[in-house]
Amino acid sequence: MADSDVEAFLTEAEEQQVVEAILQAERATSGEIRVHIEPRCPIDPLERAREVFYRLKMDNTKDNNGVLIYVAVKEHKFAIYGGSGINAAVPSGFWNSTCRLIETHFRQKKFKQGLTEGIRMAGEELKKFFPWKPSDTDELSNEISKG
Ligand code: CA
Ligand code: CA
């Protein structure tokens, strides 16, 4: 059972909207997006996102194009960590606009909206470098991971 703050972060219906946003985004890109939420982040959020990325075996994709949106719910800290295939293909600061969008919503405590719109934008950005292809499969679960 996940921490109660983690459970309270999104309602059941909101979680489904987040999962749906991932499903929609992955119809346009071969990139694989996941969301992980946990109570607190003991270290730098990006460093923690990297740890979770590997713990969830998100490096296990053909093009190394997994993307983790990591959130520490009590602190409203978050980070986006992309796989090595993405880092090799995109310009630096690639996630800046998506991060800003999420931050804007989180500041207003619109967490579901921050995630769904962040996912949508991440998908838009990713498809420029990793367009969807007919051979694409759902390589990583779209369900929210909780810790
Ligand atoms: Ca896919
Ligand atoms: Ca997926």
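The values are calculated or read from the model by the stated rules, or taken from the named source; none is laboratory data. The shown structure was predicted, so the numbers you read here are calculated from the model rather than taken from an experiment. Every residue, glycine as well, gets a Cβ built from its backbone with ideal geometry; the counts of neighbours run over all protein chains shown.
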So which pairs qualify, if the first residue must be in the stretch 15-44 and closer than 18 Å to Y81 by Cα and of a type in the set (D, E, K, R), the second must be at pLDDT 95 or above and within 12 Å of ligand 2 (Cβ to nearest atom), the Cβ gap must be under 6 Å, and the two must be at least 6 apart or on different chains?
E32/T61; E32/G66; E32/E139; E32/L140; R34/L68; R34/L140
Residue, farthest from ligand 1 (Cβ to nearest atom), within the stretch 104-147, restricted to residues that are exposed (fewer than 14 other Cβ atoms within 10 Å of the Cβ) and within 18 Å of R34 (Cα to Cα)
E143
Can you tell me how many residues within the stretch 92-147 are without any contact (Cβ under 8 Å) to a residue 60 or more places away in the chain, among the hydroxyl-bearing types (S, T, Y) and touching a strand residue (DSSP E or B) at 6+ places or on another chain (Cβ under 7 Å)?
1
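So that you can scan it fast, the table gives a plain yes or no per residue for (1) under 30 Å from P134 (Cβ atoms); (2) away from ligand 2 (no atom under 14 Å from the Cβ):
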| residue | (1), (2) |
| --- | --- |
| E26 | yes, no |
| H36 | yes, no |
| L46 | no, yes |
| D63 | yes, no |
| V71 | no, yes |
| Y81 | yes, yes |
| S84 | yes, yes |
| G93 | no, yes |
| E103 | no, yes |
Of everything in the stretch 1-43, what is among the aliphatic types (A, V, I, L, M), modelled with pLDDT of 95 or more and over 19 Å from G114 (Cβ atoms)? Give them in sequence order.
A28, I43
